[in-house]
Amino acid sequence: MSQTRTRRVCPPRYATQLFCVTAGAYIASLFGRLSYAAVMADLIAAEGLNKSDAGLIGTVFFVIYGVFQLFSGFLGDKIPPKKLIFTGVIGSAVLNLGMGLSGASYPVMLVLWALNGVFQSFLWSPAARVFSEMIPPTHRKRACANGAATYPIATILTYLFASILLKFTGWRMDFLLSALIMLIAAAVFWRAMTFFEQQTAQNGEIEQITLTAAENATQGSLLRILIVSGTLLTVLGAISLGLLRDGLQSWMPTYLDECFSLGASLSVALSIVLPVFNLLGVYLSKWIANRFVHNELAGTAGFMAIAAGALAVLCLTGTSHAAVSLTLMTLSSTALVGANLMIINLMPIHFGAIGRASSVTGIFNSACYLGSALSSYGIGFVSERWGWTAAMVFLLCFAVLTLLTSLAGVRRWARYRRPI
């Protein structure tokens, strides 16, 4: 027996503004997450950190972020997104301020960046709930897909920002100015969201949702939801996706500097190539998804095949040509954007009907950042012991893993997903 649910959503005339405010706050918050990766090469060179120690700071962040992402996913279904996002942005701003004033004390930076993982975990799951449940159905899929653009946009801005500051000041100023950007964004977000909440309560549309038989069968634990929907193995695929996505971006400046002696500032500047193409990849992936992809896990498998192919060629070419290496890493990273769009941005929409968009987003994102934690320390460890070609083989293995786990869930997901 099917069930019908109702909920009030934002008036359509404010849908675009609601998306922009939420996405803008998330982009500003990423200044507080990506700041460390953007200046890591300069920290290694200027403060005498070895790669393993520098990578451990990033690893601790991602482990804490991943664990608390589970809690924030559950909280995101219970607590208004405005409160969680505001708390996350403010907390991260304070901790970035502490990083800039830390005096390069390794234990202090390790603790501060671990705490930053807690506050950063309060951001994406409630933002995904805004896109999946508060924005009206006519704008929902576009909002969730456009949400994928926030990460590459923020990466472009933060790496460009860091490149300029590293040229003229140093790594400390990057943390301090990132904190200022977040404090301003938090104030704007709180005021704007208060307005949208009032408009939704007074003038919002009533959305009626009739649950399918598969959705009715998911009533109960999140484990049951993942099993019935065919996405249990997707959690494993998300781990390797996170390792690939953040591993390429975080270590690319160090890779370019060490293999081709380009210098920290130029290496960071060249690393902006990845997010620029990733941003283009978001819109290319959206176009492909709208026209050719009718199953997000099948789409993920296709994108991962491209990423794996590029990494395989990179393993064969080694570290002899900077332009070739940069091109292959860019191609792989752009394909990963498509896979990320499928798993992190589009799949959670299908759980909004049962009110679990934030929880499922929390699980997928937690898994993704567990992979990020492995990448931060693992790539540094492998490259330090056996060289950068071995590190590329390391990445290739995880690309194949995501490809296989995606193919395994295609049929069951096809039966569960709802037309949007």
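Between helix 15-47 and the chain, what is the angle of the helix's C-alpha long axis to the longest principal axis, kept within 0 to 90° and rounded to the nearest 10?
Once rounded, one gets 20 degrees.
Could you give me the ³J(HN,Hα) list for segment 163-175, computed from phi with Karplus coefficients 6.51, -1.76, 1.60 and θ = phi - 60°, whole Hz, x at Gly and Pro?
So the Karplus estimates, Gly and Pro as x, are 4, 5, 5, 5, 6, 10, 10, x, 5, 4, 5, 4, 5 Hz.
Could you compute the FRET efficiency for H294 and T138, with r as their C-beta to C-beta distance and R0 at 22 Å, rounded to 0.05?
Once the sixth-power term is evaluated, E becomes 0.60.
Could you state the number of Å between the C-alpha centres of segment 324-374 and segment 112-182?
15 Å
Given the convex hull over the Cα atoms of segment 54-99, what projected area results after averaging over all orientations, in nm²?
Here the figure is 3.5 nm², rounded to one decimal.
Under 24 Å Cα to Cα from K167, which lysines show up? Leave out anything in the same chain fewer than 8 places away.
Those lysines meeting the cut-off are K51.
Run the dipole for the chain about the Cα centre, Lys and Arg Cβ at +1, Asp and Glu Cβ at -1, nothing else charged, and hand back the magnitude in debye, nearest 20.
Roughly 1400 debye for the chain.
What are the aspartates and glutamates whose alpha-carbon lies under 16 Å from the alpha-carbon of K141, with same-chain residues fewer than 8 places away excluded?
Excluding near neighbours in sequence, the set is E133, E207, E296.
In terms of modelled amide H atoms, which long-range or inter-chain residues lie less than 5 Å from the amide H of E205?
Those lying under 5 Å, H to H, from E205 are V9.
Please list log₁₀ I(q)/I(0) at q = 0.21 Å⁻¹ for segment 60-132, using the Debye equation with identical point scatterers on the alpha-carbon positions.
The computed values of log10 I(q)/I(0) come out as -0.81.
Assuming R0 = 30 Å, what is the FRET efficiency of F74 and R418, from their Cβ-Cβ distance, to the nearest 0.05?
Computed FRET efficiency for F74 and R418: 0.85.
If the chain between L316 and D53 were fully stretched, how many nm would it gain, using 0.36 nm times the residue separation less the Cα-Cα distance?
Full extension of this stretch gives 91.8 nm more.
What are the principal axis extents of the Cα atoms in segment 1-131, in Å, biggest first?
Each principal axis gives a Cα extent; for segment 1-131 these are 62, 33, 19 Å.
Computed over the Cα atoms of the chain, what is the ratio Rg over Rh, Rh following Kirkwood?
On the way: Rg = 20.6 Å, Rh = 21.4 Å.
Radius of gyration relative to Kirkwood radius: 0.96.
At R0 = 56 Å, how high is the FRET efficiency between T6 and V111 if r is their beta carbon distance? Nearest 0.05 is fine.
0.75
Might you report the magnitude of the Cβ-based charge dipole of segment 296-420 about its Cα centre, with Lys and Arg at +1 and Asp and Glu at -1, to the nearest 20 debye?
Rounded to the nearest 20 debye, it is 540 debye.
Provide the gained length on full extension for the span R385 to I206, in nm with one decimal, where the gain is 0.36 nm per separating residue minus the Cα-Cα distance. Let's see the in-between values first.
Values: separation 179, 0.36 × 179 = 64.44 nm, distance 5.90 nm.
Fully extending the segment from R385 to I206 adds 58.5 nm.
Here, each number is a calculation from the coordinates, and none is a lab measurement. If you're wondering where the values come from, they're calculated on a predicted model, not measured in any experiment. Cβ sites come from the backbone with ideal geometry, for glycine too, and all protein chains shown count toward neighbours.
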